[in-house]
Amino acid sequence: MAGAGAAARGRFAVVGGGIAGVTCAQKLAAEFPSEDILLMTASPVIKAVTNFKQVSKTLEEFDVEEQPSSILEKQYPNIRVIQSGVKQLKSDEHKIYTEDGKEYIYEKLCLCAGAKPKLIVEGNPYVLGIRDTDSAQAFQKNLAQAERIVVVGNGGIALELVYEIQGCEVIWAIKDKAIGNTFFDAGAAEFLLPKLTAESRETPIECKRTKYTVEGSEEKGRPTAASDKLGSALGPDWHEGLHLKGTKEFSHKVHIETLCEVKKIHLQQEFIQLQRTSLTFPKGEKNAEPDEVLWPVYVELTNGKIYGCNFIVSATGVVPNVEPFLDGNNFAVGEDGGLKVDKHMHTSLPDVYAAGDICTVAWEPSPVWHQMRLWTQARQMGWYAAKCMAADALGESIDMDFSFELFAHITKFFNYKVVVLGKYNAQGLGSDHELMLRCTKGHEYVKVVMQNGRMMGAVLIGETDLEETFENLILNQMDLSAYGEDLLNPDIDIEDYFD
C-alpha cells in the first residue's frame, strides 16, 4: 500500500457509467464547475442521453448513445472518468477501492451501478440473458444457426425480441395469461397480437435511435464481455441494426405457452436418460406431436410440456447490482434487492446516495407514481440525486422533483407508439376501480383506469394525441363521473372540456 497521500480525493464521486451515473455526474459538474467530479465505470464506454425532448409536463423522449468516456470529459473538463470497477466501499472512512488497486476519498458518493439480468439458471451455456449490447451481440451469433429457440419472460425486451425474430421457431413461455404484462393488460395484448402473427411486415418506420455498437470493438478484438460482466441496459430500439434472422425460410412462427414457468432445463444427455417425450412446434389447433429431432437443450415447463431447442433466452427482468457495495456496510436493502433511498435519494448510510436501477424507492410515493426500472426513471433519478447532493453540500433545502408526481413512460412496441401513464394497470388499486376502453383494430387502443370518478392511469397505443389531456386529468384528479362513457367518445373532442 502506498503512503497516506496516495488516495485521490473528490468532493463528489459517482459509480456507474449508465444513464443514471452519467446524468448525475453531468449535473454535479455543471453545479460545481471548480470541483473534480469522479465517475467510476467498469466499461470503456458510457451511456449518454441525446436528442432529449420534453414531450409534455411529465413525458420525455430521448435517445441513448454509447460514447467513449473521452467525449464526456471534453464536454465537462471537471469530470474525471476512472475506468475501473469498484472492489470495495468503506463507507465509514468515505473510501472507495477500485479493481485496479487504487483508492479514492469522497465527501459525497452516488451509487448508480445499475442491475444485471436475472437468469433462470446461472452458468448454462445454452441460456442467454439479454440486457445490454454485448449480450445482444452474443444472441445474434447464436440465432444465425438456430432453428428453434425458447424465450422466457414477459417484459418489454421479450416482447420486442419475439416480434423481431424471423426464420426461427419461437416458443414463448410467460407466467401471465397475456403477453407484455409489465406494460399492458390482456386487451392491449389482443390488440397487438395480430402484428405478431402477420406473415408480411410493413417496412419499419425509420428509427432515429442509435445503433448499439461499441465503437471499434470489432477491430481491436476487444475481449467480449462474459455474461457476468455488467453492460448497460438496452433501450426500446436495441434490436436496430442486429439482423435477427434464424436459419429457416418462413418469416414468423411464434407459439405462446401461458401461465407457466421453467421447471427444469435438461441438456441433451440428461433428456435422453429421462425417457420423456418432447414436443414438435404446435401447428394450428392440433396438439403438438412427439418430436423426433434431438436438440442440444430441453426446457421442461411447469405445465408438463417439454420442448427441445437450440438455446433459451432469459428475458426475466433484472436484479440490482449491489454486490460490490454490501460487504462491511450496513445498507438498508429493499425487498427487490435494491439499496433503499429516501425522498432525497439518500441510502441508509451517511453521504451515500443511490439512483437508477440499483436503488429501491422507500418514500411514500405519489398515488399515481411507482418505481419501474426504466431508462426514463434512471435519467430522472440521476439528475435529482445530483440536485440533492448539491443542496446537502450547500446546506440548502430542496423539494421533491416533479417527475415523481406521475408515472409516465413513452416507448414503441411493434411499431406502435405506446404511452403509459399513472397506475395504467391499476397497480395497487385492488378491485376498487373500473376500466374504460376504446379500440380501433390495427389503429389505436385507449384504456383508462378510473377510481371514484377520477382518472388514475391510462394506456395509449397508436397516434391517439390524448397523452397531454390525460396527463392533466390524472394530475389534477378532476371528478369526471358526469361524462360517463363519453369520456372516450371519439366524436367528442375531450380536449375542449379541459383546457
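The values are calculated or read from the model by the stated rules, or taken from the named source; none is laboratory data. Owing to the predicted nature of the structure, the values given are computational and were not obtained by experimental measurement. Neighbour counts run over all protein chains shown; Cβ positions are idealised from the backbone, glycine included. Side chains included, ligands, DNA and RNA excluded: accessible areas come from the protein's heavy atoms. Shrake-Rupley method; radii C 1.70, N 1.55, O 1.52, S 1.80 Å.
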Q | For Ser56, net neighbour charge (Lys/Arg +1, Asp/Glu -1) across residues whose Cβ lies under 12 Å away | A | -4
Q.
Taking 0.36 nm per residue of sequence separation and subtracting the Cα-Cα distance, how much length would be gained by fully extending the chain between Ala8 and Val293, in nm to one decimal?
A. 96.6 nm
Q.
Nothing charged except the Cβ atoms of Lys and Arg (+1) and of Asp and Glu (-1): what's the magnitude of the dipole of region 374-460 about its Cα centre? Round to the nearest 20 debye.
A. 580 debye
Q) How big is the gap, in Å, between the Cα center of region 438-479 and the Cα center of region 13-61? A) 32 Å
**Q.** Options Gln380, Ile306, Pro350, ranked by Cα towards positive dipole end of region 286-405, top entry (Cβ charges)
**A.** Ile306
Q) Of His443, Met455, Gly430, which is farthest on the positive side of the dipole of region 415-497, counting Cα position, with +1 on Lys and Arg Cβ, -1 on Asp and Glu Cβ, and the Cα centre as origin? A) Gly430
Q) Could you give me the ³J(HN,Hα) list for region 390-405, computed from phi with Karplus coefficients 6.51, -1.76, 1.60 and θ = phi - 60°, whole Hz, x at Gly and Pro? A) 5, 4, 5, 5, 9, x, 9, 9, 9, 8, 4, 5, 4, 5, 8, 6
Q. How would you order 476-484, 275-283 from highest to lowest mean count of nearby Cβ atoms within 10 Å?
A. 275-283, 476-484
Q: Note down the magnitude of the dipole of region 7-102 about its Cα centre, charges +1 on Lys and Arg C-beta and -1 on Asp and Glu C-beta and zero elsewhere, to the nearest 20 debye.
A: 220 debye
Q. How much length is gained if the chain between Ser348 and Ala332 is pulled fully straight, taking 0.36 nm per residue apart and subtracting their Cα-Cα distance, in nm to one decimal?
A. 5.2 nm
Q. Expressed in nm to one decimal, what extension gain is obtained for the pair Ser70 and Gln477 from 0.36 nm per residue of sequence separation less their Cα-Cα distance?
A. 141.9 nm
**Q.** Probe 1.4 Å, accessible area per residue of region 415-497, Å²
**A.** 46 Å²
Q | Separation in nanometres of the label points that stand 7 Å from Cα toward Cβ, at Ser84 and Ser366 | A | 4.2 nm
Q | Stokes-Einstein D for region 415-497, Kirkwood Rh over Cα pairs, 25 °C, 0.890 mPa s (µm²/s) | A | 191 µm²/s
